[in-house]
């Protein structure tokens, strides 16, 4: 609904804009942090395309069962299995490139682990590489092919515990 409204008002609000907002949003990336609300994830996939969604978990601020649900709800959200698989795997490679997306899910030392999702804090890191409350991929509006900073200090669990 919002995209159509933005398109309808574009001529009045910003007549010199070269393309419709509904077209521009297809160049952005969005994460899946919806606090396990499947209808919100389905609406995001319908609005922006499942191919523009990457897994987001709010790590390191959420862990344990909340972290697990942030990942598992993607497959139980009502999305077609092909779209859920793309969100959980292939889309991160499309955004970050295959080598970087493999490194995102590894603990320090290269061991596979819970690690960070591509759409969560790997893109929303503060200057200097520290995890932060910075914006996720979608809110920063990273265009396809634009490199995000690779995580340096990925470890499961919350900092300071």
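Computed from the coordinates by the stated procedures, all read-outs in this text should not be read as laboratory data. Since this is a predicted model, take the numbers as computed values, not measurements. All Cβ positions, even for glycine, are placed from backbone atoms using ideal geometry, and neighbour counts span all protein chains on display.
Please report, in whole Å³, the volume per residue of the convex hull around the C-alpha atoms of region 19-59. Write out the running numbers ahead of the final one.
Working: hull volume 2.6 nm³, N = 41.
Spread over its residues, the Cα hull of region 19-59 gives 64 Å³ apiece.
Work out the FRET efficiency for residue 85 and residue 4 from their Cβ-Cβ distance, taking R0 = 30 Å, and round it to the nearest 0.05.
On the way: r = 29 Å, r/R0 = 0.97.
Using R0 = 30 Å, I get an efficiency of 0.55.
If I take R0 = 35 Å and measure r between the Cβ atoms of residue 13 and residue 99 in this structure, what FRET efficiency does the formula 1/(1 + (r/R0)^6) give, to the nearest 0.05? Show your work: numbers first, answer last.
Numbers: r = 42 Å, r/R0 = 1.19.
Using R0 = 35 Å, I get an efficiency of 0.25.
Based on the Cβ-Cβ distance of residue 24 and residue 51, what FRET efficiency does E = 1/(1 + (r/R0)^6) give at R0 = 25 Å, to the nearest 0.05?
Details: r = 16 Å, r/R0 = 0.63.
My answer for the efficiency is 0.95.
Just subtract the alpha-carbon distance of residue 61 and residue 40 from 0.36 nm times their residue separation and send over the number in nm, one decimal.
Values: separation 21, 0.36 × 21 = 7.56 nm, distance 2.09 nm.
Using 0.36 nm per residue and subtracting the Cα-Cα distance, I get 5.5 nm.
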